[in-house]
Amino acid sequence: MENLSASSEQIVELRRLFFEKVEKDGHQIEGGFHPADIDRINNREKWLRLFIEYNDLDLKKALTQLWDTCAWRKSFGTNDLDASKMHQEYLHEGFMFPKNRDINGKRLLIFRSKLYVRGTKNMDDVKRLLVYWVERVMYREEDLDQISVFFDLKDSGLSNMDMEYTRYIINLFKFYYPNSLNFIIIFEMPWILNTTFKIIKTLLPAKAVARMKFVNSKTLNEFVDESNMLTIWGGNDNYNYEFVDEEETPTRSINNNNVSSGRKVHFAKLSPTESPMSDQPSFTLEKGTAGDEMLRVVQDTLIFNKTGNDYSGSVEIINIDLKPITYKVKTTAPDKFRVRPSSGVLAPGSSTTVNVVLVPGCQLTTLSREKFLVMCMALGADKQTNSQDIAELWKNTPSHSHLVEQHKLKCLLPGIAHTSEASFKNGNAFSGSSGSDSDRQISHLVQTVHELNDTVARLDSRLKKNQTLFFLALLAIVSLCVATLYIVKGSVDSQGMGYCVKRDD
């Protein structure tokens with residue numbers, strides 16, 4: 001679908017609506033929005049255009065996203081990020097850096113996956129580094145121009161694939177840097193990651209999926225010419241990463257003369273995304289702001305597999321809204337299942353895995369008859385997140401309330417024949433016998449990924465065990481050799497002394 005272009009009138013109207021909302025609701029923002037962002041709204045039509053065009057010229061949606069972006073930028077401190085505030089080892093390591101351009105002249109933000117191992121880095125520092133590079137390239141060097149994200153997956157494996165970090169990258173551009181991606185280039189993806197990236201596609205907006213390009217060394221030149229290719233990709237640039245700090249120059253997107261020229265607005269307290277929680281004891285519920293859906297359930301089927309003596313399944317849920325949400329999981333047979341966690345709170349862009357264990361002794365053949373319901377509600381700025389308040393909130397809110405979003409799950413035990421029955425996804429019914437092929441594929445893909453992860457974990461555990469046994473055996477052999485040499489040496493010394501004794505005749 002062809003992108004729609006925002007008119008000058010629409011840009012002026014979005015600016016008017018924003019400052020009208022500032023007059024009405026701005027008192028809720030503690031300290032006000034950052035002056036640089038206010039100035040950008042006043043003077044940079046290009047920035048407002050990004051929000052309007054990303055939302056297909058819907059000014060209401062554009063205003064919501066612009067407001068939430070400014071709140072996030074204030075709480076995250078994006079305008080104040082510089083190299084000194086980064087984790088220095090990560091900054092100089094080179095697993096993420098900008099370099100060269102694609103065929104359309106857009107800067108490449110490169111992720112070298114083989115240099116990143118899941119679970120070895122502080123996630124908050126990694127996220128901060130990502131925002132630093134995006135801010136530096138897009139806002140300070142490229143004058144709000146688009147960039148292309150380049151995932152170099154050559155020689156990568158499952159240990160280099162971090163779904164939490166990948167979701168953060170996706171949500172960052174989806175919610176706070178709209179219309180900012182030219183291409184998403186996936187280079188030399190190993191076959192073992194095929195199913196993982198099919199799941200990632202389900203998390204991306206349709207526009208972003210269309211920009212994904214899977215390439216190898218033979219097809220990369222369709223999106224990056226040889227002069228801009230690194231030699232490790234088969235190109236002519238033998239660049240080795242070395243961090244270079246920014247020059248001390250004014251940014252192109254901020255007119256400092258105008259920052260202080262406007263009327264200063266004082267705002268009262270509001271807890272924007274990722275800000276400290278309010279001390280207010282009550283909840284305010286709000287409708288979601290990221291479209292019709294607040295919660296993304298990765299699959300619509302709980303697949304139970306045998307682990308030891310238990311049958312268990314899991315489902316991953318993701319907050320795709322711009323505000324925190326609370327979730328609760330219910331089942332048609334609470335006596336049959338143990339659900340952990342059964343409720344909680346998710347920050348914007350975060351996720352959790354809900355584990356379900358079948359109580360021993362329950363009939364397996366009736367498992368397919370049971371259903372699970374994942375419900376969620378958006379939380380307002382006066383949110384509290386302790387378990388007692390969450391339980392009280394759900395107790396006082398009916399399941400059928402218009403504030404509650406529902407996602408229904410069916411149960412599946414591989415190898416057991418099931419009768420045809422209605423399956424559900426996001427509140428809509430589909431025939432179990434002729435259900436959506438894509439839904440079944442996603443369920444199968446999720447199961448395959450879990451199986452691959454389990455296999456890798458078992459192999460890793462076995463490898464470590466074998467390494468330990470090898471070193472113990474080696475130590476035993478060395479000890480035996482030392483003991484043998486000591487005994488032989490003692491025997492030789494004893495015999496030598498016997499030969500040297502002088503006999504008296």
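A few comments on the model shown:
- Near residue 472, once Lys and Arg are set to +1 and Asp and Glu to -1 for all other residues with Cβ below 15 Å from its Cβ, the sum equals +2.
- Using R0 = 22 Å, the C-beta based FRET efficiency linking residue 118 and residue 385 works out to 0.25.
- Evaluated at q = 0.11, 0.20 Å⁻¹: base-10 log I(q)/I(0), Debye formula over Cα of the range 4-91: -0.35, -0.92
- Our estimate of slack between residue 57 and residue 24, defined as 0.36 nm per intervening residue step minus the Cα-Cα distance, is 9.5 nm.
- Computed P(r) (all Cα pairs; the range 63-222; 10 Å bins; percent): 9, 40, 39, 11, 0
- In Hz, Karplus ³J(HN,Hα) per residue of the range 232-246 (6.51, -1.76, 1.60; θ = phi - 60°; x = Gly, Pro): 5, 9, x, x, 9, 9, 8, 4, 10, 4, 8, 5, 10, 6, 6
- Between the amide H of residue 302 and those of 410, 411, 412, distances stay under 5 Å, these residues lying 5 or more places away or on another chain, with hydrogens modeled in the peptide plane.
- What the phi angles of the range 348-365 give under the Karplus curve with 6.51, -1.76 and 1.60, with θ = phi - 60°, is a coupling list of x, x, 8, 9, 8, 10, 8, 9, 10, 10, 6, 5, x, x, 6, 5, 6, 5 Hz, glycine and proline written as x.
- Rounded to 0.05, the FRET efficiency of the residue 201 and residue 104 pair, given R0 = 22 Å and the Cβ-Cβ distance, is 0.45.
- Label-zone membership for the range 144-176, site residue 211, 7 angstrom Cα→C-beta point, backbone N under 15 Å: 144-151, 169-176
- Taking amide H atoms as placed 1.01 Å from N in the peptide plane, the amide H of residue 182 lies under 5 Å from those of 147, 148, 149, each 5 or more residues away in sequence or on another chain.
- For the range 4-18, putting each phi into the Karplus relation 6.51 cos²θ - 1.76 cosθ + 1.60 with θ = phi - 60° gives couplings of 8, 9, 6, 8, 4, 5, 5, 5, 4, 5, 4, 4, 5, 4, 5 Hz, in residue order, rounded to whole numbers and with x for Gly and Pro.
- Cα centre as origin, Lys/Arg/Asp/Glu Cβ charges: the range 37-164 dipole, Debye: 100 debye
- The listed peptides 30-43, 464-477, ordered by packing as a protection proxy, come out as 30-43, 464-477 (highest mean of other Cβ atoms within 10 Å first).
- Inter-probe distance in nm under a simple model that places probes 7 Å from Cα toward Cβ, at residue 473 and residue 340: 3.7 nm
- All-pairs alpha carbon distance profile, the range 120-202, 5 Å steps from 0, percent: 3, 11, 23, 25, 20, 13, 4, 1
- Sequence-distant residues sharing a close amide H with residue 331 (under 5 Å, placed H): 373
- Residues residue 43 and residue 350, FRET efficiency given R0 of 30 Å [Cβ-Cβ distance, rounded to 0.05]: 0.30
- The range 50-151 - percent relative contact order, Cα under 8 Å, separation 6 or more: 26 percent
- Note on residue 402 and residue 463: their simple-model spin labels are 5.6 nm apart, each label 7 Å out from Cα toward Cβ.
Here, each number is a calculation from the coordinates, and none is a lab measurement. These numbers come from a predicted model, not from an experiment. Methodologically, a virtual Cβ is constructed for each residue, glycine included, from the backbone with ideal geometry; neighbour enumeration extends over all protein chains shown.
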